[in-house]
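Student: This is the structure I have questions about; it appears just below.
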Amino acid sequence: MSEIIDNRANRIRTLKGIIKHLHAGESPDAVRAQLAEIVRETDYSEIVAMEQELMAEGMPVEEIQCMCDLHSQVTRDILVQIPARSVPPGHPVDTFRRENEEIRRVLANFRFAFAELASLAPGAGAQQTVLRLRHLYNELTDIEKHYQRKEHTLFPALEKHGITGPSKVMWAKHDEIRRYLKEFGEAVLQTEAAAGEWQLIAQTLGDTLVRAVEEMIYKEENILLPMALDTLTEEDWGEIWVSSPRYGWCLAAPREGYTPPPSVVREGLKLKSADAVELPTGTLSLEQLLGIFQTLPVDLTFVDAEDRVAFFSEGPDRVFARSRAIIGRKVQHCHPPRSVHVVDQILDDFRSGRQSVAEFWIEFHGRFVHIRYFAVRNEKQEYIGTLEVTQDLTRLRRLEGERRLLEYEQVAP
């Protein structure tokens, strides 16, 4: 057994050393040859361990993000292909895999449309092919649901088991794909262009997008999902299953067949009528308190003094979906890597007392959203956490004049 452990440690060390050559500018072909000769074979766990060690040694996440596609390319020949583990229909992994099948279908149709464009004379019309590209673009935007479920249900579960590297790198790659998708969408929604211009769009923006999504599918199915199946417990998968519907499904709905453990199926909070919370300004039953949180026209999230998510409210129409898997998670891991430095600055400023409020406003899916962060302090003015308050102000911004008489809003049947 010790020999196996030593061999694994040596492979990870050797793998890391050779991969550093890639970062130093050595050609992928040369690195691939070294890996084939020296390492010979590896598995997903060693690749994950290698990347986590690089980060632990101080290599920035951004550098690994930029190079991880090359990591994948040069290790592909030596990665041991493990047969996909069987899971019940409807299991979260089954749904991720089925969604990937549908995404592959869309990508294949993209490549077919790109080939059609390439066959046209530069000055020719390309209306039918462009219409098809727009339809395919609309289909591919559904990938946001797939990525959000990974980010907010699967990544937190892995982090509870000490696996943080894939979350950081993959989330950054998700953001990269989101950017490619946005750029391609802006280009493909042009009203008029000749075939030559569409060919250029396909060869640059289109090909970059398709390759990035294909590479992500490879990483999911050969590294992320096998690792998750080997690491997570049945309770973890049950929690993921319970939290998943709020993020929606990408091109394929879950099948019937999977049943989560009874311990994770929540039927709602059961409260005794006598339970109450006494506050300086009054007393509320727990049922009343829960009802207030569910009715407030703002979304609340509280992060404790250790930077861990301790609570979030569940209103009828949250601006940003939240999964119960984030409870206890470091708040830095709940944000894409490119914005973590902003989160850290706010928390540091609040903790030191330099600031007590930070606010932002953004356009989000057609809504005007106001986000405020408040430092929460006790009677001794000691920092005990941060409260995030998010509100959709779209309707309020349109109000004019006055309304002094009772008038109910019309509710759609």
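Student: Do you know which of the residues in the stretch 294-310 that are free of Cβ contacts under 8 Å to residues at least 40 places away in the same chain and surrounded by 14 or more Cβ atoms within 10 Å (Cβ to Cβ) is farthest from ARG246 (Cα to Cα)?
Tutor: In this case the residue turns out to be ARG308.
Student: For the stretch 193-233, which residues satisfy the criterion of being closer than 30 Å to GLU183 by Cα and not in a helix (DSSP H, G or I)?
Tutor: ALA193, ALA194
Student: For THR129, are the conditions met, namely being at pLDDT below 90 and over 25 Å from the mean Cα position of the chain (by Cα)?
Tutor: It is true that THR129 is at pLDDT below 90 and over 25 Å from the mean Cα position of the chain (by Cα).
Student: Scan the stretch 170-207 for residues that are of a type in the set (D, E, K, R) and either at pLDDT 90 or above or under 14 Å from the mean Cα position of the chain (by Cα) (or both) and jot them down.
Tutor: Once the filter is applied, which keeps residues that are of a type in the set (D, E, K, R) and either at pLDDT 90 or above or under 14 Å from the mean Cα position of the chain (by Cα) (or both), the stretch 170-207 yields LYS173, ASP175, GLU176, ARG178, ARG179, LYS182, GLU183, ASP207.
Student: Let me ask you something else. Hey, among the residues in the stretch 234-269 that are exposed (fewer than 15 other Cβ atoms within 10 Å of the Cβ) and either assigned to a helix (DSSP H, G or I) or modelled with pLDDT of 95 or more (or both), which one's nearest to the chain's Cα centre (by Cα)?
Tutor: That would be PRO245.
Student: Quick check on my filter: what residues within the stretch 116-132 are without any contact (Cβ under 8 Å) to a residue 60 or more places away in the chain and in a helix (DSSP H, G or I)?
Tutor: GLU116, GLN127, GLN128, LEU131, ARG132
Student: Whether any residue in the stretch 22-38 is closer than 19 Å to GLU159 by Cβ, under 30 Å from the mean Cα position of the chain (by Cα) and modelled with pLDDT under 70 is what I want to check.
Tutor: No, the conditions are met nowhere in the stretch 22-38.
Student: When you go through ALA157, ALA121, ALA113 one by one, which is the residue that is aliphatic (A, V, I, L, M) and surrounded by fewer than 20 Cβ atoms within 10 Å (Cβ to Cβ)?
Tutor: On inspection, the qualifying residue turns out to be ALA121.
Student: Here's a follow-up. From the list LYS219, LYS168, LYS160, LYS173, which residue is of a type in the set (D, E, K, R) and closer than 21 Å to ASP94 by Cβ?
Tutor: Residue meeting the stated conditions: LYS219.
Student: If we keep just the residues of the stretch 320-359 that are surrounded by 15 or more Cβ atoms within 10 Å (Cβ to Cβ) and among the polar types (S, T, N, Q), which is farthest from LEU300 (Cα to Cα)?
Tutor: In this case the residue turns out to be GLN332.
Student: Of the residues GLY90, GLY58, which single one is at pLDDT 75 or above, surrounded by fewer than 13 Cβ atoms within 10 Å (Cβ to Cβ) and farther than 15 Å from ILE12 by Cα?
Tutor: That would be GLY58, the only listed residue that is at pLDDT 75 or above, surrounded by fewer than 13 Cβ atoms within 10 Å (Cβ to Cβ) and farther than 15 Å from ILE12 by Cα.
Student: Restricting attention to the stretch 293-330, report how many residues are in a loop (DSSP other than H, G, I, E, B) and closer than 25 Å to ILE163 by Cβ.
Tutor: Number satisfying all stated conditions: 9.
The values are calculated or read from the model by the stated rules, or taken from the named source; none is laboratory data. Note that this is a predicted model, so its numbers are computed, not measured. Backbone-built Cβ (ideal geometry, glycine too); neighbour counts: all protein chains shown.
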